[in-house]
Amino acid sequence: MDAPSDRIRLTIGDITGLAVDAIVNAANPSLLGGGGVDGAIHRAAGPELLAECRTLGGCETGQAKITRGYRLPARYVIHTVGPIWQGGHQGEPELLAACYRNSLQLAVAQGVRRIAFPAISCGVYGYPLPEAAHCAVQEIRHFLAGNAQIETVDLVCFNEETRQTYVQALADQ
Ligand code: ADP
């Protein structure tokens, strides 16, 4: 088994194009679609994804639910609801960490080996990128240290600023 850091990769671009076992969606509590990465995933997966999401009864912040990937190259979509940034003292770090942890747990239960995450909460939910990247890297590393099944975790960077921030977060810890 590779060390946790050797299993984390930075991947530039659009998460919907990745042929991994599961991609993670930064969803909202309704699970009925939205903007940002959520909209992109629903567009690429097709209407069957929304139909399955309608059966799930929503999702609480910090929790995760899994569906099939339909027209995506990824077999599964793991929908997690990140916290809305409110200044950092409303439990945001714990909730964001829970998103990564619960998504990884669900992935393992479904036999996933390769998983990709967007920068959860870093779009319209307003989480500062450096803090979010630090939280993501810490939680993923901690999980991988105790789990041999997950082979690769792609941190998907939709732009160069995100990539630079993750490079820093990976170097810091
Ligand atoms: P949230 O509501 O959790 O903030 P957003 O979708 O608004 O979610 O943004 C989360 C992150 O996903 C942002 O960093 C945004 O740049 C990024 N993003 C948007 N579209 C895509 C995509 N197609 N692939 C990967 N990342 C994306």
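General remarks:
- The range 1-40, subset assigned to a strand (DSSP E or B) and out of contact with any helix residue (DSSP H, G or I) (no Cβ under 8 Å at 6 or more places or on another chain), residue nearest to the ligand (Cβ to nearest atom): Thr11
- Within the range 130-144, the set of residues being in contact with a helix residue (DSSP H, G or I) (Cβ under 7 Å, 6 or more places away or on another chain) and open to solvent by 70 Å² or more (accessible area, probe 1.4 Å) comprises Pro130, His134.
- Residue among Tyr127, Tyr166 that is among the hydroxyl-bearing types (Ser, Thr, Tyr), more than 10 Å from the ligand (Cβ to nearest atom) and open to solvent by less than 20 Å² (accessible area, probe 1.4 Å): Tyr166
- Filtered residues of the range 68-86 (kept if open to solvent by 10 Å² or more (accessible area, probe 1.4 Å), within 12 Å of the ligand (Cβ to nearest atom) and not aromatic (Phe, Trp, Tyr)): Leu72, Ile84
- Every listed requirement among (1) among the charged types (D, E, K, R); (2) closer than 28 Å to Asp2 by Cα; (3) surrounded by fewer than 20 Cβ atoms within 10 Å (Cβ to Cβ) is met by Lys65 save one, (3).
- Criterion: over 12 Å from the mean Cα position of the chain (by Cα), at pLDDT 95 or above and not in a helix (DSSP H, G or I) - qualifying residue of Pro130, Pro83, Pro93: Pro83
- Within the range 145-163, being touching a residue at least 12 places away in the same chain (Cβ under 8 Å), part of a loop (DSSP other than H, G, I, E, B) and exposed (fewer than 15 other Cβ atoms within 10 Å of the Cβ) holds for Ala148, Gln149.
The values are calculated or read from the model by the stated rules, or taken from the named source; none is laboratory data. Keep in mind that this is a model prediction, so the values were computed, not measured. Here Cβ is always computed from backbone atoms with ideal geometry, including for glycine, and neighbour counts include all displayed protein chains. Heavy atoms of the whole protein, side chains included, go into the accessibility calculation; ligands, DNA and RNA do not. Shrake-Rupley method; radii C 1.70, N 1.55, O 1.52, S 1.80 Å.
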